[in-house]
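Reviewing the structure listed below.
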Amino acid sequence: MNSPSRRHLKAAAVSAGSFVLFGVVTGLLPNPIYVRMIPRTTLDYLFLALTAGFLGFYTLQRTTRKSRDGKTATASAALGFLAFGCPICNAFLLALFSSSALMTYFNPLRPLLGVVSVILFAGLLYVRSQRTCTSCDVTSQQSKTHQ
């Protein structure tokens, strides 16, 4: 098992790396490679920061045993990405729908997608923390009874 400081460092790296990667790819962090087609909003930056932070906390809570939480984390990260990404710059969405349909119907739903993403991530992290704390309590109680 990794030491706590090493786990914290890895979680911070995941959080910072995902913030920079998602920020550059979506144009929230200005760069010469990608130009965002719609204006940046405060909510875009909020959902970017929350998604990156939750990915860091999820990494911090990861254990070596198998779990099905990865699907929820992936869905939440994808919803978060759609919440702060530029809808008409997303090639996948643009292939499915026209740019006018995306701006008319999808763009107003982006804050809702962000809220759903945050709720999913917060719920996942809460459930994982309860599971982790319960197992820690059982382990500490067992070690006290054996002493």
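The values are calculated or read from the model by the stated rules, or taken from the named source; none is laboratory data. Because the structure is predicted, anything quoted here is derived from the model rather than measured. Positions of Cβ are backbone-derived with ideal geometry, glycine not excepted, and every protein chain shown enters the neighbour counts.
For every residue, the table says whether it meets (1) surrounded by 12 or more Cβ atoms within 10 Å (Cβ to Cβ); (2) touching an Asp or Glu at 6+ places or on another chain (Cβ under 9 Å); (3) more than 28 Å from residue 100 (Cβ to Cβ); (4) not hydroxyl-bearing (Ser, Thr, Tyr).
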| site | (1), (2), (3), (4) |
| --- | --- |
| 12 | yes, no, yes, yes |
| 21 | yes, no, yes, yes |
| 40 | yes, no, no, yes |
| 51 | yes, no, no, no |
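Take the conditions buried (at least 17 other Cβ atoms within 10 Å of the Cβ), over 26 Å from residue 29 (Cβ atoms) and not basic (Lys, Arg) and apply them to residue 72. Does it pass? I'd like the intermediate steps shown before the answer.
Details: buried (at least 17 other Cβ atoms within 10 Å of the Cβ): yes; over 26 Å from residue 29 (Cβ atoms): yes; not basic (Lys, Arg): yes.
Yes, satisfied.
Within 24 Å of residue 115 (Cβ to Cβ), touching a Ser or Thr at 6+ places or on another chain (Cβ under 8 Å), hydroxyl-bearing (Ser, Thr, Tyr) and at pLDDT 95 or above - does that describe any residue in segment 34-52?
Yes.
Within segment 1-118, which helices (runs of 4 or more DSSP H) (wholly inside it) include 3 or more residues that are of a type outside the set (A, V, I, L, M, F, W, C) and either free of Cβ contacts under 8 Å to residues at least 40 places away in the same chain or more than 27 Å from residue 130 (Cβ to Cβ) (or both)? Talk me through it step by step, then tell me what you get.
Details: elements: 4-26, 42-61, 69-84, 91-96.
By residue number, 4-26, 42-61, 69-84.
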